[in-house]
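None of the figures in this text is laboratory data; all of them are computed from the coordinates on show. Please read all numbers here as calculations on a predicted model, not as lab measurements. Note that each Cβ is placed from the backbone with ideal geometry, even for glycine, and that neighbours are counted across all protein chains shown.
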């Protein structure tokens, strides 16, 4: 899996300007993982935010934050595939805390392949 930014003006021509600066996740075979991309779009555009009150302004991520989120999602989805687990049905304690986060602490799944500090896991 990898991520790419859409070509300049691509979504403007398609009359969907909100997608212009949101990374696109692609499988190695070129397939488009719909649910994973929807997750990235909703959070990038502030359409879903866990801390936002109903009348609060949406939290829209910067381009740098969107790229960072895409990179982390690619690493996480690769981990899920390597462990043969469905990311939509993971148990936080058994798979996230006792699996993925331990791999991050050990440097096995961080983008820089070096151990992450406990404060940067989430």
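Gain in length, residue 31 to residue 10, computed as 0.36 nm per residue apart minus the alpha-carbon separation, to one decimal in nm?
Residue separation times 0.36 nm, minus the Cα-Cα distance, leaves 5.7 nm.
For the pair residue 19 and residue 86, what calculated FRET efficiency results from E = 1/(1 + (r/R0)^6), where r is the Cβ-Cβ distance and R0 = 22 Å, to the nearest 0.05?
0.25
If packing is taken as the mean number of other Cβ atoms within 10 Å per residue, what is the order of 94-100, 2-8, 28-34, highest first?
By packing density, highest mean first, the sequence is 94-100, 2-8, 28-34.
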